[in-house]
Amino acid sequence: MYKCDDGSIVPVEVKSGKRTRAKSLKAYVERYKPKTTVKLIGSTGSIEDKTALVLPLYYVSKVSQLLG
């Protein structure tokens, strides 16, 4: 979890292997409906949209900058 300056919580899930389904992140999203989610994965990432960031693991130090 990451707490933004405005007090909102952004769930962050880390997946190191090739399977990146993120079941727990999906369950969290269904239950709490966060504005933004972040998934850090062991391969190249993508930005599905501005609310679901999928980033390579080496971006972990940049998450706070990306979320503002």
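Of all residues in segment 1-20, which are modelled with pLDDT of 75 or more and farther than 15 Å from Val63 by Cβ? Hits for segment 1-20 are Asp6, Gly7, Ser16.
Do we find a residue being in contact with a strand residue (DSSP E or B) (Cβ under 9 Å, 6 or more places away or on another chain), in a strand (DSSP E or B) and at pLDDT below 90 anywhere in segment 24-37? Looking through segment 24-37, none of the residues is in contact with a strand residue (DSSP E or B) (Cβ under 9 Å, 6 or more places away or on another chain), in a strand (DSSP E or B) and at pLDDT below 90. Residues in segment 1-18 that are surrounded by 10 or more Cβ atoms within 10 Å (Cβ to Cβ) and among the basic types (Lys, Arg): Lys3, Lys15. I'd like the full set of residues that are among the hydroxyl-bearing types (Ser, Thr, Tyr) and farther than 17 Å from Lys62 by Cβ, limited to segment 21-42. Residues satisfying the conditions are Ser24, Tyr28, Tyr32.
Restricting attention to segment 38-68, the residues that are in contact with a Leu (Cβ under 9 Å, 6 or more places away or on another chain), modelled with pLDDT under 85, surrounded by fewer than 15 Cβ atoms within 10 Å (Cβ to Cβ) and under 20 Å from Asp5 (Cβ atoms) add up to 1.
The values are calculated or read from the model by the stated rules, or taken from the named source; none is laboratory data. Here the structure is a predicted model, which is why all the values come from computation and not from measurement. Reconstructed Cβ throughout: ideal geometry from the backbone, glycine too, with neighbour counts over all protein chains shown.
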